[in-house]
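One structure below.
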Amino acid sequence: MTNSANTTKPLTAPQKALRKMGLLRDIDLALHLPLRYEDETRWCSLGQARDGEIVQFLALVTSSEIAFKPRRQLIVQVQEIVSSATNDEEFLSNEDLIKGESCTLRFFNFYPSLQKTFTSGKRLRLRGEIRGGMLGKTMMHPSVHAYDENLPNTLTPVYSTTAGLPQAYLRRAVMTGLDRCVRFGSFKETIPEPFQSPNLWSLTKSVQFLHEPAAGVSLLELEDKTHPAWQRLKAEELLAQQISQLRAKRERQSLTAPVLSGHGEIAVGVESKLVDPQEPNNSHSGALTQEFLKILPFQLTAAQSRVIGEIAKDISKKAPMYRLLQGDVGSGKTVVAALAATQCIDSGYQCVLMAPTEILAEQHFKKLVDWLAPLLEQKNLSVAWLSGSQKKKDRQKMLEITESGQAALVIGTHAVIQEQVKFQSLGLVLIDEQHRFGVAQRLALKAKLLDQEPHLLMMSATPIPRTLAMSYYADLDVSTLDELPPGRTPVITKVISDQRRDEVVSRIKAQISLGRQVYWVCPLIEESEVLDLANATQTHQMLSESLPGINVGLLHSKMQTSDKKEVMQQFTEAKIGVLVSTTVIEVGVDVPNASLMVIEHAERFGLSQLHQLRGRVGRGAAASACVLMYSTGEHGRLGETARERLKAMAETQDGFEIARRDLEIRGPGEFLGARQSGAAMLRFADLSTDQEWLDWAQDLAPKMLDSYPQLAEQHVARWLGHKLEYLKA
Ligand code: ADP
Ligand code: MG
């Protein structure tokens, strides 16, 4: 299948189509496994067939013509050949054949070559669905094969294909690829002997079988992939994923990162002074950390203390931390991040915090400045702010203090990883809402760091369900905040039709009269931004009219950043009572006095988006509510998945449960988003059914890397080939 460089012949249409489908190498072809199968291994005579049944018989063409009524079509008359040989096996001429019933074939799409196939007197094998009618039996577009009394003894594979690539061509290409792979050892056994078992088929046998399953095999087992041949492919794939991630993890562990044990220079290499993970705020911690803990207006939750301990332990090692901090909205990730920062600064290194949006970054900035700036000033240090929209002069100043090392903490949007930004001694990188950053941005961040790798802490409010964490995120260490700070009241969630808008407005009035504040979210859909903007403006107007004396604010995506900030500021200071917003209110905004959230057209939002939004309320002590207002439009009813989403929201507030259901509804592809773009998705394994293989692979991967490194290498190369760089990002 390879094209040598000096070939000047242009590619044929099927060759181009193969390229388009990414079927370039032999192994790509060999692993292009069938979508389904057709059973051509049995005869089914015309005479015995009932309406709608698949028949397969030998036929003699008696006539064929092209008709134009009602549209252009090829009409062929055939007769079933019941027997073509005499007792002494002598073949009969067409005239003497023993013939059965006749049948009309119709083709609406056909090439001239097909017409030639049907010259009168020709013998063929036909297969297709039979229709009995007043005018006799007919078949539409049957499959046509050469005359042969011996049927195939394997099921016929049907491959996913594309325009210009006929099944027969693709099948031949696949078979060629398969043969070469087998011949050149591409499917050589990589699972070490002690880990093989009789019920684990060899890869060669499995792939060969799947392309040509023996007649009589259960089609059901093939379809639901419970057949041992499929099981081997799932096992293969999951093992490759586990090995490559474990390898990436180990490679990272072999890099050198600054030791951030919280004691400045003297601490380097002093392992005995590690912060005790059981007791993170103990007396070993450095000055800034201590001072910060003293001024912190609340007690850390047990979960926060535990997680801070996990992080402290990681960053006081020479190997770079690569950790995900997951915690539901409102679980208090910021203070955890702040304590990691203080430990870093106490060790004499800089820390950078990156957030996906400007508003979110600024919230962090304000909070951390409040907490840390006075303490840092005493040490002649400061906090730098970097964003895309800041004035050139301000930016210049910030770049200077970042480079000189005077800024112990640098906060901003992805502006913090732009080329001009230079650090004096970067020790720790904190990334908020990590799933909103792409692979490219993470690679850019890595490229910033010259000789030393910083420690990395990624934060996410979207908890990763266990199976996903075990597979796609196996290279990460995960810390979980599984407890909310005390004093929160659960948010009551109501799902109601937008016919009852008036009731909602009275509810808003009631909340405002109690001195509370309200969010009103209108959905924003990329394709119709203008429309949605109009809608939000209308809602803003409607609410302003029905809520006299109450300041109703408007925030939408097309506003200038400075205007957005102004509105947010007013809302934070309670100068605005109701905030109408088209943009999803930036994930992470924190206004504890807001006690009611209304989400208009809730049916248009994704599940985790709704959950994040709802997390904006219930942050203070006041009883809070979230109203999911849906519109059924002209159809008068909600779609199935929309209904499921809203139901899930009303039923649970547990972020993990929501994430699990979200995964169920959407599948891992969308859930993973940026992390997997360009990287290898699982093609055969299904995390919802293959937990056992995942456990198996997780167990085997370290053993292979330790004791069978060559086999591990071969195994990964077979499955991931050139895609590896992405997995390391
Ligand atoms: P998230 O995990 O969503 O980023 P935040 O860090 O914004 O959550 O915290 C949510 C709110 O809870 C903030 O107002 C924060 O100050 C407060 N908070 C965090 N930890 C505690 C705690 N242990 N006790 C009381 N309040 C806390
Ligand atoms: Mg947050």
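Being touching a strand residue (DSSP E or B) at 6+ places or on another chain (Cβ under 9 Å) and either without any contact (Cβ under 8 Å) to a residue 40 or more places away in the chain or open to solvent by less than 10 Å² (accessible area, probe 1.4 Å) (or both) is the filter here; which residues of region 626-642 pass it?
Our first condition is that a residue be touching a strand residue (DSSP E or B) at 6+ places or on another chain (Cβ under 9 Å); within region 626-642, this holds for 626-632, 638, 642.
The answer is CYS626, VAL627, LEU628, MET629, LEU638, ALA642.
Restricting attention to region 86-103, report how many residues are under 60 Å from the mean Cα position of the chain (by Cα) and of a type outside the set (Ser, Thr, Tyr). Can you show your working first?
Initial filter on region 86-103 (under 60 Å from the mean Cα position of the chain (by Cα)): 99-103.
With the extra rule that they be of a type outside the set (Ser, Thr, Tyr), the set shrinks to 99-101, 103.
Residues that pass the stated criteria total 4.
Filter region 143-165 down to the residues that are more than 40 Å from the chain's Cα centre (by Cα) and more than 17 Å from ARG36 (Cβ to Cβ) and list them by number. Give the steps one after another, and end with the answer.
From region 143-165, those more than 40 Å from the chain's Cα centre (by Cα) are 144-153; that's our starting set.
The answer is VAL144, HIS145, ALA146, TYR147, ASP148, GLU149, ASN150, LEU151, ASN153.
Kindly provide the set of residues from region 556-572 that are within 21 Å of LEU596 (Cα to Cα), free of Cβ contacts under 8 Å to residues at least 60 places away in the same chain and surrounded by 14 or more Cβ atoms within 10 Å (Cβ to Cβ), ordered by number.
If the condition is that a residue be within 21 Å of LEU596 (Cα to Cα), free of Cβ contacts under 8 Å to residues at least 60 places away in the same chain and surrounded by 14 or more Cβ atoms within 10 Å (Cβ to Cβ), then HIS556, VAL567, GLN570, PHE571, THR572 are the ones that fit.
Got a sec? Which of GLN390, GLN363 is open to solvent by less than 80 Å² (accessible area, probe 1.4 Å), of a type outside the set (Gly, Ala, Ser) and part of a loop (DSSP other than H, G, I, E, B)? Explain how you work it out, then say what you get.
Details: GLN363 fails: part of a loop (DSSP other than H, G, I, E, B).
It is GLN390.
Taking only region 480-489 into account, find how many residues are more than 8 Å from ligand 1 (Cβ to nearest atom) and farther than 12 Å from ARG619 by Cβ.
Within region 480-489, residues that are more than 8 Å from ligand 1 (Cβ to nearest atom) and farther than 12 Å from ARG619 by Cβ number 3.
Take the residues of region 304-337 that are β-branched (Val, Ile, Thr) and over 20 Å from PHE365 (Cβ atoms): which is farthest from ligand 2 (Cβ to nearest atom)?
Step one: of region 304-337, the residues β-branched (Val, Ile, Thr) are 307-308, 311, 315, 329, 334-336.
Add one more test, that the residue is over 20 Å from PHE365 (Cβ atoms), and what stays is 307-308, 311, 315.
On the way: VAL307: 14, ILE308: 16, ILE311: 16, ILE315: 20 Å.
Among them, the one singled out is ILE315.
Find all pairs meeting these conditions: Cβ atoms under 7 angstrom apart; at least six residues apart or on different chains; first residue within region 289-302 and open to solvent by less than 40 Å² (accessible area, probe 1.4 Å) and modelled with pLDDT of 90 or more; second residue part of a loop (DSSP other than H, G, I, E, B) and within 16 Å of ligand 2 (Cβ to nearest atom).
Filtered contacts from region 289-302: THR301/GLY332; THR301/GLU483; THR301/PRO485.
Please count how many residues of region 326-354 are within 6 Å of ligand 1 (Cβ to nearest atom) and in contact with a helix residue (DSSP H, G or I) (Cβ under 7 Å, 6 or more places away or on another chain).
In the first step, residues of region 326-354 are kept if they are within 6 Å of ligand 1 (Cβ to nearest atom); the result is 327, 329-335.
Now restrict to residues that are in contact with a helix residue (DSSP H, G or I) (Cβ under 7 Å, 6 or more places away or on another chain): 327, 329, 332, 334-335.
Number of matching residues: 5.
Of all residues in region 316-339, count the ones that are in contact (Cβ under 8 Å) with a residue 60 or more places away in the chain, open to solvent by less than 20 Å² (accessible area, probe 1.4 Å) and over 29 Å from the mean Cα position of the chain (by Cα).
Qualifying residue count for the region: 0.
Which condition number does ALA534 fail, the rest of (1) open to solvent by 10 Å² or more (accessible area, probe 1.4 Å); (2) in a loop (DSSP other than H, G, I, E, B); (3) at pLDDT below 85; (4) aliphatic (A, V, I, L, M) being met?
(2)
Show the residue pairs meeting these rules: Cβ distance below 6 Å; 6+ apart or different chains; first residue within region 345-370 and more than 16 Å from ligand 2 (Cβ to nearest atom); second residue open to solvent by 30 Å² or more (accessible area, probe 1.4 Å).
Listed by first residue and then by second, the contacts come to GLN350/PHE423.
The values are calculated or read from the model by the stated rules, or taken from the named source; none is laboratory data. The model shown is predicted, which means the values in this text are computed figures rather than measured ones. Positions of Cβ are generated from backbone atoms using ideal geometry, with glycine treated the same way; all protein chains shown enter the neighbour counts. With ligands, DNA and RNA removed, areas are computed over all heavy atoms of the protein, side chains included. Shrake-Rupley method; radii C 1.70, N 1.55, O 1.52, S 1.80 Å.
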